[in-house]
Amino acid sequence: MKNKLKSIFLLALSAGVLATSCSEDDHTGASMINYTSPTVTLSTASNDVVVDESMIDPDLGYNIAVTATIAEPVFADLHIPLVQTGGTADSDDFSAGTIIITAGHTSAMAYVTINRNGYAEGTDTLTIGEGDNIANANVSPFTLNVTINDDYINDLLELTFDWSGTYTYNAGIPAEVTIDFCDIDMDFPLADAAGNILGYIAGTADCPEHGELDGLADGTYIVIAELYDNPFAGLGTNQPLPITMSWHQEAFSDGELVSPGFNTEDTGGAIAVAYIEVVNGYNYTITPF
């Protein structure tokens with residue numbers, strides 16, 4: 001009789017353990033007896049946000065905080081992913097986090113981060129909402145609308161031309177002479193695709209020379225180097241004078257190329273240095289000639 005009672009007790013105990021285990025399997029392991037899915041409310045400082053590219057930190061982005069709240073704490077973590085539900089922005093333009101209200105708490109926050117993507121594409125739109133199939137919670141409808149203005153586009157292209165250097169040679173009396181290539185004067189005009197000079201990018205007798213381009217119509221242009229004055233011609237130094245052309249434009253990558261340039265024996269002349277392709281009035285592609 002005792003053995004029968006012991007067997008009945010063990011069977012009842014096993015059934016109780018099984019029932020408890022099944023209850024804990026749901027809702028991330030905590031006992032959810034009488035569990036009621038809480039209502040989650042999402043909010044931001046503004047549901048309609050305008051972000052100018054000039055406002056965006058190039059490393060950290062522009063962060064928009066989204067807060068999730070519930071009325072009372074629950075015994076399980078609530079995960080609410082923020083997702084794109086509309087707009088023209090792509091994954092290069094933004095990232096969206098996941099809000100996690102941990103067990104025992106009633107609020108948490110995550111960010112929608114707007115990135116400075118480094119290339120021109122015009123104004124983008126972005127709509128953010130809550131993800132689908134959120135476990136253990138009912139999320140009230142939420143919409144965040146973001147307009148990303150590409151005002152950071154700067155059509156000003158800054159150019160630098162550098163041919164600096166020195167050369168020391170035996171001139172007899174005195175025994176050695178050092179010439180400074182910056183004493184050579186070069187100018188840098190801009191030509192159209194047919195080679196017609198449109199004006200000068202730089203021509204101040206400085207070394208390096210600095211100039212700017214903006215307001216160009218779409219099309220192909222040619223950067224020209226003119227040797228205006230060379231006081232070392234005829235000295236027999238016969239040294240190459242390569243020209244380093246570098247450029248910078250806000251929100252775009254910098255660049256550099258090297259042209260063979262002239263020779264310290266040249267008395268004048270002009271050479272083509274680079275092509276400049278202009279698209280949309282501000283998007284420049286520069287390639288060696």
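Restricting attention to strands (runs of 3 or more DSSP E) lying wholly within region 74-176, give those where 1 or more residues are among the charged types (D, E, K, R).
Values: elements: 78-86, 94-96, 98-101, 107-114, 124-130, 144-149, 157-162, 166-170.
Fully inside region 74-176 and qualifying: 124-130, 157-162.
Run down ALA19, ALA45 and say which single residue is open to solvent by 40 Å² or more (accessible area, probe 1.4 Å), more than 28 Å from the chain's Cα centre (by Cα) and either of a type outside the set (Asp, Glu) or modelled with pLDDT of 80 or more (or both). Please lay out each step first, then the result.
On the way: ALA45 fails: more than 28 Å from the chain's Cα centre (by Cα).
Being open to solvent by 40 Å² or more (accessible area, probe 1.4 Å), more than 28 Å from the chain's Cα centre (by Cα) and either of a type outside the set (Asp, Glu) or modelled with pLDDT of 80 or more (or both) holds for just one of ALA19, ALA45, which is ALA19.
If we scan region 274-285, do we find a residue that is surrounded by 13 or more Cβ atoms within 10 Å (Cβ to Cβ), within 14 Å of ILE184 (Cβ to Cβ) and in contact with a strand residue (DSSP E or B) (Cβ under 8 Å, 6 or more places away or on another chain)? Walk me through it before giving the result.
Residues of region 274-285 that are surrounded by 13 or more Cβ atoms within 10 Å (Cβ to Cβ), as a first pass: 274-278, 281-284.
Among the residues that remain, those that are also within 14 Å of ILE184 (Cβ to Cβ) are: none.
Checking region 274-285: not a single residue is surrounded by 13 or more Cβ atoms within 10 Å (Cβ to Cβ), within 14 Å of ILE184 (Cβ to Cβ) and in contact with a strand residue (DSSP E or B) (Cβ under 8 Å, 6 or more places away or on another chain).
Just the residues that are without any contact (Cβ under 8 Å) to a residue 24 or more places away in the chain and open to solvent by 90 Å² or more (accessible area, probe 1.4 Å), please, taken from region 173-193.
Taking region 173-193 first, the residues without any contact (Cβ under 8 Å) to a residue 24 or more places away in the chain are 173-178, 180.
Correct list: ILE173, GLU176.
On the given criteria, is THR85 open to solvent by 60 Å² or more (accessible area, probe 1.4 Å) and either free of Cβ contacts under 8 Å to residues at least 12 places away in the same chain or under 24 Å from the mean Cα position of the chain (by Cα) (or both)? Show your work before the answer.
Numbers: open to solvent by 60 Å² or more (accessible area, probe 1.4 Å): yes; either free of Cβ contacts under 8 Å to residues at least 12 places away in the same chain or under 24 Å from the mean Cα position of the chain (by Cα) (or both): yes.
Considered against the rule, which asks whether it is open to solvent by 60 Å² or more (accessible area, probe 1.4 Å) and either free of Cβ contacts under 8 Å to residues at least 12 places away in the same chain or under 24 Å from the mean Cα position of the chain (by Cα) (or both), THR85 comes out as yes.
Assuming GLY236 fulfils every condition listed in (1) closer than 25 Å to ASP155 by Cα; (2) assigned to a loop (DSSP other than H, G, I, E, B); (3) not hydrophobic (A, V, I, L, M, F, W, C) apart from one, which condition is it?
That leaves (1) as the condition not met.
Could you check TYR200 against (1) open to solvent by less than 20 Å² (accessible area, probe 1.4 Å); (2) free of Cβ contacts under 8 Å to residues at least 40 places away in the same chain and say which number it fails?
Condition (1) is where TYR200 drops out.
Could you check region 177-203 and list, in sequence order, the residues that are assigned to a strand (DSSP E or B) and among the acidic types (Asp, Glu)? It would help to see each step written out before you state the result.
Applying the first criterion (assigned to a strand (DSSP E or B)) to region 177-203 yields 177-180, 185-192, 197-202.
Scanning region 177-203 gives ASP180, ASP185, ASP187, ASP192.
Quickly run through region 204-226 and pick out the residues that are out of contact with any Leu (no Cβ under 8 Å at 6 or more places or on another chain) and either on the phi > 0 side of the Ramachandran plot or part of a strand (DSSP E or B) (or both). Talk me through it step by step, then tell me what you get.
Restricting attention to region 204-226, the residues satisfying the condition of being out of contact with any Leu (no Cβ under 8 Å at 6 or more places or on another chain) are 204-209, 215-220, 225-226.
Within region 204-226, ALA205, GLU209, GLY215, GLY219, THR220, ALA225, GLU226 qualify.
The values are calculated or read from the model by the stated rules, or taken from the named source; none is laboratory data. Computed from a predicted structure; not experimentally measured. Backbone-built Cβ (ideal geometry, glycine too); neighbour counts: all protein chains shown. In case anyone asks, the SASA skips ligands and DNA or RNA and just uses the protein heavy atoms, side chains included. Shrake-Rupley method; radii C 1.70, N 1.55, O 1.52, S 1.80 Å.
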